[in-house]
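Structure, as C-alpha cells:
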Amino acid sequence: MVTKPESAAAVTKLFFAFALVLALIASPCARAETFKVVHDFTGGRDGANPVNGFVIDAAGSLYGTTSSGGLYGNGVALKINAQHVDTVLYAFKGGQDGSSPQGFLIFDTAGNLYGTTSAGGAYGAGTVFKIVGTTESVLYSFGGPADGASPVAGLAIDAAGNLYGTTSAGGSSGNGTVFELSPPSHGGGNWTESVLYSFCTGADGATPVGGVSFDASGNLYGTTSAGGAYTLGTVFQLTPGAPWTENKLHDFQNADDGAVPYAGLIADQSGNFYGAATEGGKNGGGTIFELTPANGSWNFTVIYSVPGWGISGSFRNVVFDPSSGNLYGTTHCDGEYNSGTVYKLTPSGRSWDYNLLYNFKGDHDGLYSFSNLVLNQGKLYGTTKYGGTKGNGVIFEVTP
C-alpha cells in the first residue's frame, strides 16, 4: 500500500531529496565525460615531456613528438590511434638524426610526416626530418654559416612540397631566421635550404618561437618572442621577392596588447589571423588577438585578455573551429591551481565570450600545457609537459 504525503511541505521535501540524489549521482559522470587522460607517459620507450600537440589524420589518429625519453632519452615521434593505443614511430638517438623535437608534425599529400629537432644533427644545432612509416631521414642539419639554429616550431608546407619554418637562434645576427627547404627537383639528391629572412638589429624582431603561416598570395606571417620597438616581440609579414621583405604588423608593448608571443598565427576562412601573447594584457595572463586585412594594411585587435600572471598564458597556437567560429587554446600555468587551463572563446557580436573548459590540478591529470590543440569529432586533444602518474606528462581529451 502506498501512503500519500500528508502535506505540500512533504511533497516539497521529497522532491528536493530526490533532486539531491540525482545531482550526487550525475555530477561525477558529467566531469568524467568532460576531461580524461588518454595516455600517461612513462618516460620509457613512449617518451616524456611533450611540449607541443598533434596533427591528426583522416582515421582520427594523432601524431606528435616528445622532447625527451624514448629508447635513447632524446625524444620520440609517436602515433596514438583512435582507440588510444600508442605506437612509437621513431626514437631519436641524439646524434646526426637529431635530438629533442619540440614542434608539431605535419603531413604531405602522400601521408609522410615532417618536423624539426631543436638539437642534434651534423652540427648540433637541430634538424629538419622526414618520417616514412617508421624510417627517419634528416633533410637538413642546421649549423652552417648564417643558416640558423635551434628550430623549436613546427613547419608549413606549400603545394609544391616546399617546407617553411623558423629557427629561434642563428642567422646573420644570431636573432633567428625564417627558412625554406626545397625538395630535389627530380626525386634524388639533397634538399636545399634558403634563408628567406634573418632577424637583424632586433628592432625588426628576434627569437621566433612559433612557426609561419601562408596567405592566399604566398606571403608568410609569424611572430617573434622578443625584439621590436619595445623589445617585447612582434607580428611580421614576409613578402616573396629577391630578397624577401619584412613588414612589421605589430610591436607588443606589454599593455593592453600583451607581450612575448610564443605562439604562431592561424587563419580563418576570411583571411583573418589569430595569435596569442604569453604575458601582459589587462588581466595579466597574456592576450588572444586578431589581425584583419584592411585596405592593404592590417588591423590588430585584442579579442580577449587572459587571466593570469607573468608568462602564465598561451604558449602555442590556438585552434579555429570553422563550423562554429570558436577558438580553443591552452595556458601554461594559470588557473585555480597554477597548473594550466583549457579554454574556449566564442564570438558574440563584436566581442568574445570566455569559457573555462578545464583547470589542471597539476597531479595525475597533467601539469603545464605548452600544447596546441586539435579538434576531432567534437573533442579536443593536447598534451601537458609534466604531471601524470610518473610526472612525464599526459595526452588529454576534453569535450567542450
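Just so it is clear, none of the values below were taken in a lab; they were calculated from the coordinates. As the structure is a computational prediction, the values presented were derived from the model and not from experiment. Positions of Cβ are generated from backbone atoms using ideal geometry, with glycine treated the same way; all protein chains shown enter the neighbour counts.
Report, ordered by chain and residue number, the aspartates and glutamates lying within cross-link reach of Lys361, taken as a straight Cα distance under 14 Å and ignoring same-chain residues fewer than 8 apart.
In chain and number order, the partners are Asp334, Glu336.
Within 10 Å of each residue's Cβ, count the other Cβ atoms and sort Ser225, Ser172, Ser185 from fewest upward.
Exposure proxy ranking, most exposed first: Ser185, Ser172, Ser225.
For a footprinting-style exposure proxy, rank His39, His186 by other Cβ within 10 Å, fewest first.
Fewest-to-most ranking of His39, His186: His186, His39.
Taking neighbour counts of Cβ atoms within 10 Å as a proxy for exposure, in what order, fewest first, do Val235, Val195 appear?
So the ranking, lowest neighbour count to highest, is Val195, Val235.
Using Cα centres only, tell me the gap between segment 338-400 and segment 202-265 in whole Å.
26
Among [x] 1.05; [y] 0.95; [z] 0.97, find the value of Rg/Rh (Cα atoms, Kirkwood Rh) that was calculated from the structure presented, and write down its label.
[x]
Within 10 Å, count the other beta carbons around each residue, average over each peptide in 329-335, 364-370, and list them highest first.
329-335, 364-370
Mind checking which lysines have their C-alpha under 18 Å from Lys93, skipping anything on the same chain fewer than 8 residues away?
Straight-distance partners of Lys93: Lys130.
Choose one answer from Gly126, Gly161, Gly233: the residue with the largest mean-square fluctuation in a GNM of the chain with alpha-carbon springs under 10 Å.
Its mean-square fluctuation being the largest, the pick is Gly161.
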